[in-house]
Amino acid sequence: MSEVNLIGMNEGVGMSGVYRGTFAVVDLTAIAQNLRAVRSVMNSSVRMLLAVKANGYGHGAVPVAHTANAVGVDMLGVASLEEGLELRSAGIDTPILVFGRVPFSGLSTAAKEDITVTITSKWNLDEIPACSPPLKAHVKIDTGMSRLGFRESDDVISLLQSIKTRKDVDVTGIFSHFACADAVDVAHADAQFHRFGEVLQKVSDEGLCPPLVHMANSAGTLRNRAWHLDMVRIGVSAYGLAPSPDFPLPITLTPALHLYTTVARTEWIPAGETVGYGATFQAKRPTRVATVAVGYADGYFRLLSNRASVLIKGQRVPVIGNVCMDQMMLDVTDIPEVEPGDIATVYGRQSPDEWDSGAIQKINPTDLDSFICETFSKARDAGNPVLSLNELAERAETISYEIMCALSPRIPKIYVKV
Ligand SMILES: *Cc1c(COP(=O)(O)O)cnc(C)c1O
């Protein structure tokens, strides 16, 4: 990986600095480590697809794809043809599978760019444009997610039979998707796997089974080796999050996404004073309020108002009042030494002490990147505690995935390179 050139990858950092004091650290080393950890529970013949849809779950699809390449990931998964084309324009030549529906008008472009599409419902072959080189496609089977794909094996068989007449369309795979592989009770996942097996059997009996068969997401992959089939499709686990807090993981995962912000002001307010829009917080005691430069426009949900906490100087401090668009307020009464320029860990690894007291904003922008990467890596290796996205997600009544994807593009990202 060291030979992969990641210069220019840091969006908005480098020359432009981080004057607002709010930035994300994306730990590509952690992603590489997580990919290897997942590999360690797979048979060596099983392939691995990494989902990099939604800009790599907010981490940046292109840097993540480079990391995946370095670790030997076999395929990348995206939601749309657009996302696949973005990777191709960035020079990523790994096989790509589009999970979502691609309209017929996009199929010849997909073929030209060697992007595999998913057949998500019946195809009228007369409407499929001529493709050169031949289009690659995987057939989706709906085994209980009720989202995309074929429910009936007869429909799959007639599709595969009719496609045989098209020399310019190769069906290279067949797959399904678990709805509940992360649930405590495995009955739903078992039933889906069984239904997929039935479809595969009928298709095989006709001699029509495509070569690559896959079903497992992260939860399925970490739950049951029998579900791996020819390939697993992982996302959240590569980004370092347990798919669900409900079942024990066979491996250790390291979170890759970390969000930091900077204290802009500290001030004492008397008992009885209120904080923020709507005055939803009223001080019960003289209270020291720290204002930080992160808000719902950055992807920190307003639902977290008066519910969540962040880390400052290694201590948890509560978010008080309603989260604003660009800022929010914290109760730092119990750590009165907090001053403007100190760093708050919004989620992820507790910030290194070297970042406090305005240190980051004093550094020459050209040196910032390496300063942040070095000090961050040291803090990671020293085992600084983590404010987990799974905890934050629970407080926001959602899942870690949604918080990752919500990270605003206006937040500069600093990549810790493999
Ligand atoms: C996103 C996605 C995955 C990866 O799911 P995780 O739960 O993040 O591991 C796998 N398959 C499909 C079809 C997906 O859309």
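Any idea how far the Cα center of the range 224-275 sits from the one of the range 321-348, in Å?
Their Cα centres are 19 Å away from one another.
Can you classify the range 43-183 as rounded, prolate or oblate using the Cα gyration tensor, where a ≥ b ≥ c are the square roots of its eigenvalues, rounded means a/c under 1.5, and otherwise it's prolate if a/b beats b/c and oblate if not?
It comes out oblate by the Cα gyration axes.
Given R₀ = 51 Å, FRET efficiency for ASN43-GLN315 by Cβ-Cβ distance, to 0.05?
The calculated FRET efficiency here is 0.65.
When Lys and Arg each count +1 and Asp and Glu each count -1, what net charge do the other residues less than 15 Å away from SER44, Cβ to Cβ, add up to?
+2
If you bin the C-alpha pair distances of the range 175-304 every 5 Å from 0, what whole percents do you get?
2, 8, 13, 13, 11, 8, 8, 8, 8, 7, 5, 4, 2, 2, 1, 0
Show me the three semi-axes of the equivalent ellipsoid for the range 130-204, from the C-alpha gyration tensor (sqrt of 5 times each eigenvalue), largest first, rounded to whole Å.
That gives 28, 13, 9 Å for the three semi-axes.
What whole number of Å gives the distance from the Cα centroid of the range 100-128 to the Cα centroid of the range 134-152?
Answer, in whole Å: 13.
For a bin width of 10 Å, list the pair-distance distribution of the chain built from all Cα-Cα distances, rounded to whole %.
Cα pair-distance distribution for the chain, in percent: 4, 21, 27, 22, 15, 8, 3, 0.
As an exercise, find the ratio Rg/Rh for the range 345-418 from alpha-carbon atoms, using the Kirkwood inverse-distance average for Rh.
Radius of gyration over Kirkwood radius for the range 345-418 works out to 1.00.
Please work out the ratio of the alpha-carbon Rg of the range 266-418 to 2.2 N^0.38 Å and round it to two decimals.
1.06
Per q in 0.17, 0.19, 0.23 1/Å, what log10 I(q)/I(0) does a Debye calculation on the alpha-carbon atoms of the range 225-282 return?
The Cα Debye sum returns log10 ratios of -0.76, -0.84, -1.03.
What is the sum of charges, Lys and Arg at +1 and Asp and Glu at -1, for the other residues whose Cβ falls under 13 Å from the Cβ of ALA110?
Around ALA110, the surrounding residues sum to -2.
Within the chain, how many Lys pairs that are eight or more residues apart, or on different chains, come under 21 Å at the alpha-carbon?
Here the count comes out as 25.
Each reported figure results from applying straightforward, stated rules to the coordinates on display, with no laboratory input. All figures in this text were calculated on a predicted structure; none of them were measured in a lab. Cβ coordinates were reconstructed from backbone atoms using ideal geometry, including for glycine residues, and neighbour counts include every protein chain displayed.
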